[in-house]
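Q: Before I ask anything, here is the structure I am working with.
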Amino acid sequence: MKKIGYILSFILIGCGATAFAQEPARAEKVNSCVSCHLEMGDELAVPVEGMKEDVHAQQGLSCADCHGGDPTAGLDGDMEAAKNPAKGFVGKPERTAIPQFCARCHSDPNYMRRFNPRAATDQLSAYKTSVHGQLLQKGDTKVAVCTDCHGVHGIRNAKDARSSVYPLNIPATCGRCHADAEYMKDYSIPTDQIEQYQTSVHGKALLEKGDQAAPACNDCHGNHGATPPGAPTIAFICGQCHLNNSELFFASPHRAAFDEMGLPECETCHGNHGIQHPTDSMLGAGPESICTDCHEEGSPGWLTAAAMREQIENLKSQIFVADSLVAKAERAGMEVSEAKFQLHDADDALIKSRTMVHSLSEERITEVTSEGMKLAESALTAGRAALAELQFRRKGLAISIIFILILAAGLYLKIKEVDQKHPIRSAQRGE
Amino acid sequence: MRTSLSPEKDKTAQRSGRGLAAWLRERYDLSALEYFIKKKEVPLHRHSIWYYFGGITLFFFMIQVATGILLLLYYRPTAEAAFESVQFIMTEVRFGWLIRSIHSWSANLMIAAAFVHLFSVFFLKAYRKPRELTWVSGVFLLFLSLGFGFSGYLLPWNELAFFATKVGTEIVAVVPLIGGFLLKFLRGGEDVTGATLTRFFGFHVAVLPMISTVLLLFHLWAVQKQGMSVPLKLEKDGAPYKTMPFFPNFLLRDLLGWILALGALAAIAALFPWELGVKADPFAPAPAGIKPEWYFVFMFQTLKFIPAKVLGLDGEMLGVLAFGLIGALLVLVPFLDRKGQIGESSKILGVLGIVSLVYIIIMTIVSYVVPQTF
Amino acid sequence: MNSAQNQAQEQPTLPRRKFVNLLLGGGLLTTIGSIFVPIINFIIPPKIQEAVQNSVVAAKVGELPLNSGKIFRFGVKPGILIHTQNDEYVAFSAICTHLDCTVQYRSDFKHIWCACHNGHFDLTGKNIAGPPPRPLESYKVDIRNEDIVVTREG
């Protein structure tokens, strides 16, 4: 009891609600907000029902901690006493006031620290920089405020899988507005992002495999400060996860060229919401090549693209040849573990060479592919040796069959000889 | 040493000459054996060729014993390691591929030779008095060989073997009254699992070899004791026929047969190395083309052709019982052939034999031509 | 007449018999050879002694300095053995759970790193950064005399 009272008194002080310094234990037990709202039922009871699993209620907070007023008053039916503005009652905040409303606590590091020493308190300032926040400041109330994403009564911690802002649920939460063409019609931005995202490599990883290493909307756009990333910074954003690729890209000639032309870095080749697993055919001079969108045939960039593709294709076909040869030898029952081990490393080099494409340097990619080629060739040699060994086995068996035939011939002649010595008799069994 | 011998024995020793034979004769009384070898004659006629197939079956059996013992050095009878150990034998162990391939091929050739032996003895009516028990032991030896084949097929624990065993053991479940027990007994549980593998291994390397050895010794002893049977017709004619000394003429011919069989085995093993297959996954759906070993397919094919219900009874059960009955009749052939007992040829049995042979061949061909769905 | 006939029969018979015996003896010896050479070879224990290779000698004691790692071959797949700064040995499958690249120990990071896409794993094999979706499979490490033996569990 004492402990709860202690915490509650902190809460009350923290909220700046010192005006009603009640006996905390009583405040906890007797809450006229709850009793009256439950009694009135229907939509007026909804907030009370919702609060049961709310993270705030679980931390010991109650109605008055956000809405003000006096829950100890009004037990006798005096609603006015409980909702006395003099006791800080604010009721239901205006939509435009919601960010400030939540921020009374959430932007106060001293207060938040009590619940979670690592709690962020920059949500409001981030929100103000977001497209949502800026439009809200201009009086547009259609944009998202805190409660649109987090819920109102019944807010759950973002780490709770049932929360609307749990990573797996974020695309649907954002999609509630952003995929609604009717709702979004005033904003002249597309509404197919969620649909595209669901087909993307990231969307499939997150939504189908539940792989939380895959980004949801907020991982690229930010959450409270949600905004489309600017063109020259995309590689930083993708580089959060795709570090090697972004580093190579920054050192490549593409960076300066893209920035100069205002092209959105990674997105130029890979797309954004509907980003698919990249294929080798995206590179080079073929019909599916992206390089040829900018690089004219015969230009140095075109030549480099074609050369890089050739390197990768050469390595791929070398690995394929070695792999099928080794597999053939294995099926025949030959020992090929060393070759398979080398092929594993050759595959490694192939994967590295695909990363190395982002350097856009033929020289650097050749460095990696030539290492892979060496490994694949050595595996191929081992596979050939194994198959040669198989032929050798057959030859060995052929030789032993010759021995057997010699023996058979000898036996045959011996039989002839023996037949002369021990002649076949003519006999009659009188049975 | 000689001085201590009595004059008579000394004479015997002198007569017996030098070398190993003499050394043995000096110590053991081999006169009965020598007499037997000297006296034994093999009848010569146009059906003499069939005399060789028993010997060839025996030769393949000996190869099975030798290669089987070698495989035991590395094989592991558990679901986790069986496949890997066979793979290990084929890749890591020197000449393991050869030993394994020989064991697999020799098993098939042995059963083929046994079938030829059975039918030749049947058609030549060599089971007549006094050779009834030779026949009975021979038929049981064939059944045991089929048991060897069935249990051995599972041991590499590959996909095909796993599902063939599953289908094969399922069939015993339809036997009335004891079917459920038989199924559990064979599988070591409700389903084909690692327990089945261990059980089949036990059958394959201990139970079956033990029974086979006893039966085989009797079979061989009886053949040597009673000599070769002469075809009925030749015997009835009373006309003189030629004979050949067993030793060395026939024995050398037998050896030539063995050597040629060995050559054929080596050639087949080299040209068509026995495959390892894919490791069995009990939870994977049965792959297409599951088939038992070729010597069982005529029975499987028959069971598939029997309608689900015959006169209100389960068709498959009737089929299984019918095969059981045929097996029992096969054992009893010498006692059923009344005419054979009095030295006459039974037309009915001859026709039955030909019908069965044709039936087996046709059903086997059908099963390889018609697409399979077990 | 009779003796002449005998003579005529025996004259070609002697070299013929020699030839037959040579053929028979040679054939027998070589056949026996080709039967027993495989059998004896089969009996000699192979290089890898067990069918299911559940453990392997990854390194010798003292081979790895503190804060270093080594890739070893475990069957056909690579494993990684690490001598940590705290003088402990840990071993994992060296196959990155992202795209099967071979990981390596980075003494500067003091943890495992995959060069392909910058995946990081801590010294319990857990994926701590980058694209790898799962931890590395961990192996048991035992020291047997001078050998560091790595065993696959389960």
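The numbers here are math on the coordinates, done by the rules we state, and not lab data. Just so we're clear, the structure is a prediction, and the values are computed from it rather than from any experiment. Cβ sites come from the backbone with ideal geometry, for glycine too, and all protein chains shown count toward neighbours.
Q: How big is D for the range A:95-180, in µm² s⁻¹ as a whole number, if Stokes-Einstein is applied with the Kirkwood radius of its Cα pairs at 10 °C and 1.306 mPa s?
A: Calculated translational D: 115 µm²/s.
Q: Next question. May I ask you to derive the FRET efficiency for B:Leu217 and B:Arg46 from their Cβ-Cβ distance with R0 = 45 Å, giving the value to the nearest 0.05?
A: Calculated value: 0.90.
Q: No solvent, one uniform scatterer per C-alpha: report log10 I(q)/I(0) for the range B:168-277 via the Debye equation at q = 0.11, 0.23 1/Å, two decimals.
A: These q points yield log10 I(q)/I(0) values of -0.76, -1.22.
Q: Add -39500 (n - 2.57) for each DSSP H run of 4 or more in chain A, then divide by its residues: what number comes out at 222 nm, to the nearest 500 deg cm²/dmol?
A: Theoretical 222 nm ellipticity from helices: -17000 deg cm²/dmol.
Q: Where does the charge balance sit around A:Gly274 when Lys and Arg score +1, Asp and Glu -1, over other residues with C-beta under 14 Å from its C-beta?
A: So the environment of A:Gly274 carries a net charge of -2.
Q: List the pairs from A:Lys83/A:Lys138; B:Lys39/C:Lys18; A:Lys416/B:Lys40; A:Lys83/A:Lys142; B:Lys233/B:Lys347 whose alpha-carbon separation is above 22 Å, in the order I gave them.
A: Those over the limit are A:Lys83/A:Lys138; B:Lys39/C:Lys18; A:Lys83/A:Lys142.
Q: Then there's this: About the Cα centre, and with charges only on the beta carbon of Lys, Arg (+1) and Asp, Glu (-1), how big is the dipole of the protein assembly as shown? Nearest 20 debye, please.
A: 7000
Q: Using alpha carbons only, how many angstrom separate the centre of the range A:303-342 from the centre of the range B:285-326?
A: For the range A:303-342 versus the range B:285-326, the Cα centre distance is 47 Å.
Q: May I pose another question? Just B:Gly68, B:Gly324, B:Gly152 to compare: in a GNM of chain B, with alpha carbon springs under 10 Å, which one fluctuates most?
A: B:Gly324
Q: Give the Debye-formula value of log10 I(q)/I(0) at each listed q (0.12 Å⁻¹), with one equal scatterer per alpha carbon of the range B:27-147, two decimals each.
A: Rounded to two decimals, the profile gives -0.65.
Q: What is the ratio of the Cα radius of gyration of the protein assembly as shown to 2.2 N^0.38 Å, with N the residue count, to two decimals?
A: 1.46
Q: If contacts are Cα pairs under 8 angstrom and at least 6 residues apart, what is the relative contact order of chain A in percent?
A: 9
Q: To continue, here is another question. Of A:Ile402, A:Ile189, A:Ile155, which is the most mobile in a GNM of chain A whose springs link Cα atoms less than 10 angstrom apart?
A: Result for chain A, Cα springs under 10 Å: A:Ile402 fluctuates most.
Q: Spelling out what I want: for every residue of the range C:94-111, take phi, set θ = phi - 60°, compute 6.51 cos²θ - 1.76 cosθ + 1.60 (Karplus), and round to whole Hz; glycine and proline get x.
A: Couplings: 8, 9, 4, 7, 7, 10, 6, 6, 8, 7, 9, 8, 10, 5, 6, 7, 6, 8 Hz.
Q: Compute, for chain A, the length of the dipole vector about the Cα centre, with Cβ point charges of +1 (Lys, Arg) and -1 (Asp, Glu) only. Units Debye, rounded to 20.
A: That gives chain A a dipole magnitude of about 1920 debye.
Q: Still on this structure, I have one more. Considering Cα pairs under 8 angstrom that are at least six residues apart, work out the relative contact order of the range A:98-150 and quote it in whole percent.
A: 33
Q: Just tell me which aspartates and glutamates come within less than 13 Å, Cα to Cα, of B:Lys225; anything on the same chain fewer than 8 places away is out.
A: Cα-Cα hits under 13 Å: B:Glu41.
Q: If we count every other residue with Cβ under 12 angstrom of C:Lys60's Cβ, Lys/Arg +1 and Asp/Glu -1, where does the sum land?
A: With Lys, Arg at +1 and Asp, Glu at -1, the neighbours total -1.
Q: Kindly put A:Met373, A:Met308, A:Met356 in sequence by how many other C-beta atoms sit within 10 Å of each C-beta, fewest to most.
A: The most exposed by this proxy come first: A:Met373, A:Met356, A:Met308.
Q: Please compute the volume of the convex hull spanned by the alpha-carbon atoms of the range B:127-192 and report it per residue in Å³.
A: 105
Q: Counting C-alpha atoms alone, how compact is chain A: give Rg to one decimal and Dmax as a whole number, in angstrom.
A: 37.9, 139
Q: Give me the log10 of I(q) over I(0) for the range A:345-431 at q = 0.15, 0.18 Å⁻¹, as the Debye formula computes it from C-alpha points; what are the numbers?
A: Scattering profile of the range A:345-431, log10 relative to I(0): -0.77, -0.87.
Q: So for chain B, averaging the separation of alpha carbon pairs under 8 Å that are six or more residues apart and normalising by length, what relative contact order in percent results?
A: Across chain B, relative contact order equals 24 percent.
Q: If one computes the Cα centroid of the range B:252-277 and of the range A:162-206, what distance in Å separates the two points?
A: Centre-to-centre (Cα) distance: 70 Å.
Q: Measuring from the lowest to the highest alpha carbon on each principal axis, how far does the range A:25-95 reach, largest first, in angstroms?
A: Cα spread of the range A:25-95 along its principal axes, largest to smallest: 32, 28, 24 Å.
Q: Hey, which aspartates and glutamates would be in cross-link range of B:Lys184, C-alpha to C-alpha under 19 Å, not counting anything within fewer than 8 residues on its own chain?
A: B:Glu170, B:Glu316
Q: Report the net charge of residues surrounding C:Leu24, where surrounding means a beta-carbon distance below 11 angstrom and charges are Lys +1, Arg +1, Asp -1, Glu -1.
A: It works out to a net charge of +2.
Q: Evaluate the Kirkwood expression for the hydrodynamic radius of the range A:210-362, namely the inverse of the mean inverse distance over all pairs of different C-alpha atoms, and round to one decimal in Å.
A: Radius from the Kirkwood sum: 17.7 Å.
Q: Note down the magnitude of the dipole of the range C:98-145 about its Cα centre, charges +1 on Lys and Arg C-beta and -1 on Asp and Glu C-beta and zero elsewhere, to the nearest 20 debye.
A: Its charge dipole is roughly 100 debye.
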